[in-house]
Every structure is written in C-alpha cells, then in structure tokens.
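As structure tokens, the structure follows; a few thoughts come after it.
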C-alpha cells in the first residue's frame, strides 16, 4: 500500500463534482435524440437538472438543418478526462461518426463538456472550461436556465453574466 494512505481511504467513494454538458442534435428526431442522450448520461452520475430544448440555427457550417440544443448538470465521481471519454462513447453508441463527416456538420448527437466544477485543464484531449462557450448563445441560454450562477473559473463570471454580455443580438 502507498505510504500515507490507509485502507479507509481506498474504500471511500470519490467526491461528486458538478459537470455542465451541452447537448445538440440536427439529424433525425432531434428531441428524441436529446432525450436518449440525457437518459444515457444518467449512467455516468446523477442528472441534477435538464434545460428546455432550444431550436437554433447552425453555426460555422451553415448548409445543414437547424439544431435542437439543451444543457444538463451531472453530479459525477469521474475525472474530467474519464467523463469526456464517456461522452464520446455515448456519441458513438448513438451513431455519431466524428472522423468521417464535415467538421461542425450535421450530427445525430453532440455532447460538449462545458464546465467541471472549478477545473481548468488544457490537454490534447480536453480543454476546460470549453474554450468557445462564452461566445455561444445556443450553449449559454439553456445552461443559464439551469445553472445561472455557475462560475466560469477563468473568466470570473457566472453563466448568467456571460449570457448577459452577449446582449440581445
């Protein structure tokens, strides 16, 4: 056993962390896809809140159907990297192929890890907080509905304040 650790430390559950996850779909039955994703994410922790779903125009690659976007809060004992890998596994299980389609193109499901407690992380696999979340109304609007006061650990503003900064444009 590693020095300084008791057997009690090994049997205690890991602390639950709040994770904010964005959901999006623009292929097939968009609402059913989001609801299925919410159900699947429940296996990764405790879903503590789910936003309304918002019909939004595509951003970036415009020649595609409109999106349905939402957000959820998940209490999880996974690490940020473990959770990101699980999100990608859910996308694959639901039929998303990231490697063979146009970037930002149509997708049955898109799951983005936005915030993970107060974690700040920059790796090849994951950047936290999500680097573009503060500029995306389709992310901030549903997230503000369920986590208005959740703090962005780098920008020093809440989700609600970030949404307000975007204005009404």
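Tell me, which residue of the range 41-87 that is modelled with pLDDT under 95 and surrounded by 15 or more Cβ atoms within 10 Å (Cβ to Cβ) is farthest from the chain's Cα centre (by Cα)?
Going through the qualifying residues, I end up with 64.
Any residue at all in the range 53-61 that is in a loop (DSSP other than H, G, I, E, B), closer than 18 Å to residue 41 by Cα and touching a strand residue (DSSP E or B) at 6+ places or on another chain (Cβ under 6 Å)?
Our first condition is that a residue be in a loop (DSSP other than H, G, I, E, B); within the range 53-61, this holds for 53, 57-61.
Retained after the next criterion (residues that are closer than 18 Å to residue 41 by Cα): 53.
Among the residues that remain, those that are also touching a strand residue (DSSP E or B) at 6+ places or on another chain (Cβ under 6 Å) are: 53.
Yes, the range 53-61 contains a residue that is in a loop (DSSP other than H, G, I, E, B), closer than 18 Å to residue 41 by Cα and touching a strand residue (DSSP E or B) at 6+ places or on another chain (Cβ under 6 Å).
What's the total number of residues in the range 87-138 that are within 21 Å of residue 162 (Cα to Cα), in a loop (DSSP other than H, G, I, E, B) and touching a residue at least 12 places away in the same chain (Cβ under 8 Å)?
Summing the residues that are within 21 Å of residue 162 (Cα to Cα), in a loop (DSSP other than H, G, I, E, B) and touching a residue at least 12 places away in the same chain (Cβ under 8 Å) in the range 87-138 gives 7.
So residue 103 ticks every box in (1) surrounded by fewer than 19 Cβ atoms within 10 Å (Cβ to Cβ); (2) modelled with pLDDT of 90 or more but one. Which box is left unticked?
That leaves (2) as the condition not met.
What are the pairs with Cβ atoms under 6 angstrom where one residue, in the range 142-169, is at positive phi and surrounded by 14 or more Cβ atoms within 10 Å (Cβ to Cβ) and the other, located anywhere, is modelled with pLDDT of 95 or more and in a helix (DSSP H, G or I)? Sequence gap at least six, or different chains.
none
The values are calculated or read from the model by the stated rules, or taken from the named source; none is laboratory data. Predicted model, so just to flag it, every value in this text is computed and none were measured. Heads up, the Cβs are rebuilt from the backbone with ideal geometry, glycines too, and the neighbour counts pull from every protein chain shown.
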